[in-house]
Amino acid sequence: MYKSSLELVTNRVPSLLPRPSAEPAARSPMKLIALQLLLWHSTLWILQTTAPLALALDLPQNFLLKCLEQVRKIQADSTALQEKLVRGTKGSRNMQCATHRLCHPEELVLLGHSLGIPQARLSRCSSQTLQLMGCLDQLHRGLFLYQGLLQALAGVSPELAPTVDLLHLDIADFATNIWQQMEDLGVDPAVKPTQGTMPTFTSAFQRRAGGVLVASNLQSFLEGAYRALHYLAEA
Amino acid sequence: MVGLTAWSLTGAALILLLLPPSLEDCAHIRVSTPIVRLGDPVTASCTINQTCSSLGPESQIVWKLEAELQPGGKQQHLPNGAQESTITLPHLNHPRALLSCCLLWRGSLQILDQAELQAGYPPVVPSNLSCLMNLTTNSLFCQWEPGPDSYLSTSFTLKSFKSRENCQTPMGSIPDCMAEDRQSHCSIPRKHLQLYQYMGIWVQAKNALGTSKSSQLCLSPIDVVKLEPPTLGALYPSPRKDPPQPECLQLHWETWKPSLYMEQKCELRHQPQLGEAHWTVVSPLPSTVPGYELCGLLPSTVYILQIRCIRWPLPGYWSNWSPILKLVTGQQAPTVRLDTWWRQRQRDPRTVDMQLLWKPVPLQENSRQIQGYLVSWQPLNQSREARVLCNTTKLTCTFSLPSEVREVVLVAYNTGGTSPPTRVVFLENRGPPLTGLHTVARDPHSLWVGWDLPIPQPQGYVIEWGLGPHLHGDNNKTWRLEHNGSITGTLLQENIRPFQLCEITVTSLYQDAVGPSQNIYAYSLEMAPSHAPELQLKHIGSTWAQLEWTPHTPELGESPLTNYAIFWTNAQDQSFSTILNASSHDFVLHGLEPASLYHVRLMAASQAWTINSTSLTLITLASEDSLMHILLGLIGLLFLFICLCAVSCFCCRPSRKNPLWPSIPDPAHSSLGSWVPVIKAEEIFQLPRLRDPVMPPITKITVLEEEENKPEPWESNDDSGNYNLPTLAPGLCTPG
């Protein structure tokens, strides 16, 4: 795939440059070397700038649009969960913050470590180091991870159950969509990922704090995913 | 009645007591197939066990379908002593029927067992399966058409499976969705769906006679999403901003919240509320707009607006149109040209009474929203404010001005502003006169007025017209300003009525003067006189009658008379006529039959009309021979009367002892005198011919003085004139 893209680019380059005359080149070998160097650098530059385009060409636009929509949908679900976790179902946000002091997820980082709440990575989805297949794999693994975390949160509270269930369904849909696309491209891993050990929430506080952390981590994960997918879709 | 009911109940109780125990056990129906296709045969057998021997060994088993006895049962004894009857119903034509096995027992039919038979058809293949993803209920709603009734209980199941594109390979099951009884729709809940994956869906219909499947749909649930429309509203401009343009509306709309995550496109449609306007659609529009200015609308118009959205660019279905929003566009300042004219009257040396007239001529469509007019005068001293002379909704205004003021300003206004000002300069009357003014009637309601083109050519003309001459004053005159100075005529179509004199005034307009007004009178259609001349009988004879009439003097608006025509008809309905000059005023009818009835009618005619006089009925005098016969008859009667009188005098003499009749008291001296009718001599006379039933009732009788007055040519030389006949049989005429 990359090869074909490269070929496409390198085939195109000569036509972009004026054809040098053979006679002057023979008279000035240094100039010829300089010209070759210039050609090599420009080829590299073109390759770098067109790499995302080549990546995007391999993914159907329809798939990318669906993925973006799914990310927005999960973000909306996650926001709803966060609001319910922080604000509760009855009182105002300020009052609940004052009651539970769980307004800021950044205050729960240590608790997250102690509970063993993992974070999904999207290192291969960065625009600088974007690797299409690696990014899709990370996206899928991340979504798979959050499915497990949401399952662990399932008993957090009866009031939150419908929101958690919906979020779980939407994440599962997104994960399936990405997996099928990987299958279509023939880059799906030989073995499907399996769920690791999930945290256990033993108290009401842990469940509340765990919920806030998972929702917050999920939002961060989705923001990264959205940026990557948007980048691919725009390309 | 009560006794009968009691006896029936008692009888039934006795029958139940007398029956062997548990009749149900002793008989049993078996049906080959309890549910068959409608019209198919059914075979049933009824077995009566040996335990029911008390019913008698030779009891006859009878079959009934509903209430009808069914012949054809074949009864036989079974080896175990039981009796069995078998029947085949060739065509079961009822969707549901009860088959009864009965027995004749002591004269009455006893039902021993029953079986319910059902008939119908296999289910028809359900059609038109369609699905919509409903984000409100978060479910995939599918509906279908079940087809005609199968007459059997039929269940519909929505079956589906998860798959990849084209739905060729099932990749996961989805629980069936059972439609409720008699429903042809079912909703698959979100928890069983993968919104972004393809799934195959079909409907299975099943009843006792078979199963059918609809064609399969292959869809991704989110691709069949049907959204709810956005909330459309008006955006009212803040007071700090400029007022909105009259042809624009400020709108905003908000996406339906559950669909916020979807990219959508929307379309807005609008149309004026009144009239038969068509929708104008504005598309594509974003799904959420904080403020949108919709322009290109008509000012001062009520608009109805609706919006709808669709998932886009990914697939989806259009939402329904939002509820109607009614908004009114702002008013536009009048964009009209004001044609003006004036009439002035010098009140005193210093003041002029001026009547200003104007007409708004719209320069744009729908620019006639005018609430009023302002006439103002700017005094020479510019520092002073303009003085408002009139503020009116009418198209005319009368005011007084100093004689030296020759200019006023007229504007039309509404809430949107004022029209461009129209300067009205009262020009001096010193232009050349208009010549050759003439009119031609086009039809009863229009007149063409023409003139010679003056030199120098005017800039335009003012034409005023109305009922004339000066019957209704200037206020009822219609006027028109013609801006083309090269025309030599114009068609007047307003305020023209047939048969009414129209006064037309044309004034030429020049750069800085007006010409003297020229008048002309005309009719669009001339009328007939209100009545024809009245026909009168002047003299009459036995074969002639002289008629006369007073000619009608034409009035204004009446076209001149061209001729008269006289028509007369005798009793045998024979008609005669003659045409006379318009100058005639009398005529003699010749060749009439003596003592005959005639109807005479005069018709006056012009080029435009004809009018008939009232009908005159006359009877000619009797001829001389007839008079002689009548006279001889009368003399004979007189002689006979004298004879009778003589005889009566002889018989009534008082010297006679026995008079021929008893003595009668003098009526003059008795009470009978008051009631005995007095017979006058003139009432005895009757003209038998006048009793002709065809003669019309006589309303007026003219007694001619004497026959001698007749004109010379028709003077009679006969001596019978001595009888002075005209006094006995006068000529009669009756205006009919």
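Here the strands (runs of 3 or more DSSP E) wholly within the stretch B:115-218 that include at least 1 residues being within 30 Å of B:Pro230 (Cβ to Cβ) and not assigned by TED's automatic domain parsing to the domain that holds B:Asn93 are B:127-134, B:139-145, B:185-189, B:199-207. May I ask you to verify whether A:Gln75 is within 30 Å of A:Ala204 (Cα to Cα) and either small (Gly, Ala, Ser) or modelled with pLDDT under 85 (or both)? No: the conditions fail for A:Gln75.
I need a count of the residues in the stretch A:190-217 that are in a loop (DSSP other than H, G, I, E, B) and either open to solvent by less than 30 Å² (accessible area, probe 1.4 Å) or within 13 Å of chain B (Cβ to nearest Cβ) (or both).
So the first thing to find is which residues in the stretch A:190-217 are in a loop (DSSP other than H, G, I, E, B), and the list is A:190-203.
Cutting the leftovers down to either open to solvent by less than 30 Å² (accessible area, probe 1.4 Å) or within 13 Å of chain B (Cβ to nearest Cβ) (or both) gives us A:193, A:199, A:201.
Number of matching residues: 3.
Taking the stretch B:194-218 as the range and being among the hydrophobic types (A, V, I, L, M, F, W, C) and more than 14 Å from every other protein chain (Cβ to nearest Cβ) as the test, the residues that pass are B:Ile201, B:Trp202, B:Val203, B:Ala205, B:Ala208, B:Leu209, B:Leu217, B:Cys218. Yes or no: the stretch A:166-178 includes at least one residue that is touching a helix residue (DSSP H, G or I) at 6+ places or on another chain (Cβ under 8 Å), within 13 Å of chain B (Cβ to nearest Cβ), without any contact (Cβ under 8 Å) to a residue 60 or more places away in the chain and of a type in the set (Phe, Trp, Tyr). No, there is no match, as no residue in the stretch A:166-178 is touching a helix residue (DSSP H, G or I) at 6+ places or on another chain (Cβ under 8 Å), within 13 Å of chain B (Cβ to nearest Cβ), without any contact (Cβ under 8 Å) to a residue 60 or more places away in the chain and of a type in the set (Phe, Trp, Tyr). For the stretch A:148-160, a residue qualifies if it is open to solvent by less than 30 Å² (accessible area, probe 1.4 Å) and assigned to a helix (DSSP H, G or I), and the qualifying residues are A:Gly148, A:Leu149, A:Leu150.
Scanning the stretch B:220-247 for residues that are at pLDDT 90 or above and either in a loop (DSSP other than H, G, I, E, B) or open to solvent by 20 Å² or more (accessible area, probe 1.4 Å) (or both) yields a total of 10.
Of the residues B:Ser287, B:Ser300, B:Ser322, the single one that is open to solvent by less than 70 Å² (accessible area, probe 1.4 Å), of a type outside the set (A, V, I, L, M, F, W, C), within 14 Å of chain A (Cβ to nearest Cβ) and in a loop (DSSP other than H, G, I, E, B) is B:Ser287. Based on what the data block shows, is B:Leu158 at pLDDT 95 or above and within 14 Å of another protein chain (Cβ to nearest Cβ)? Against the criterion (at pLDDT 95 or above and within 14 Å of another protein chain (Cβ to nearest Cβ)), B:Leu158 does not qualify. So which residues in the stretch B:573-597 are in a strand (DSSP E or B) and free of Cβ contacts under 8 Å to residues at least 40 places away in the same chain, if there are any at all? Correct list: B:Ser575, B:Phe576, B:Ser577, B:Thr578, B:Ile579, B:Leu580, B:Asn581.
Just to be sure I understand, how many residues within the stretch A:167-224 are among the charged types (D, E, K, R) and within 15 Å of the chain's Cα centre (by Cα)? Summing the residues that are among the charged types (D, E, K, R) and within 15 Å of the chain's Cα centre (by Cα) in the stretch A:167-224 gives 1.
What about B:Leu305, is it in a loop (DSSP other than H, G, I, E, B) and either surrounded by fewer than 15 Cβ atoms within 10 Å (Cβ to Cβ) or away from chain A (no Cβ under 14 Å) (or both)?
no
Which members of the stretch B:156-175 meet the condition of being of a type outside the set (A, V, I, L, M, F, W, C) and surrounded by 14 or more Cβ atoms within 10 Å (Cβ to Cβ)? Steps first, please.
Narrowing the stretch B:156-175 to residues of a type outside the set (A, V, I, L, M, F, W, C): B:157, B:159-160, B:162-166, B:168-170, B:172-173, B:175.
Result: B:Thr157, B:Lys159, B:Ser160, B:Lys162, B:Ser163, B:Arg164, B:Pro170.
Of the residues making up the stretch B:250-288, just one is within 14 Å of B:Ile304 (Cα to Cα) and among the basic types (Lys, Arg), namely B:Arg269. Within the stretch B:427-443, the set of residues being surrounded by 13 or more Cβ atoms within 10 Å (Cβ to Cβ) and part of a loop (DSSP other than H, G, I, E, B) comprises B:Leu427, B:Gly431, B:Pro432, B:Leu434, B:Leu437.
The values are calculated or read from the model by the stated rules, or taken from the named source; none is laboratory data. Note that the structure is predicted; figures quoted are calculated from it, not measured. Cβ sites come from the backbone with ideal geometry, for glycine too, and all protein chains shown count toward neighbours. Please note that ligands, DNA and RNA were not included when accessible areas were found on the heavy atoms of the full protein model with its side chains. Shrake-Rupley method; radii C 1.70, N 1.55, O 1.52, S 1.80 Å.
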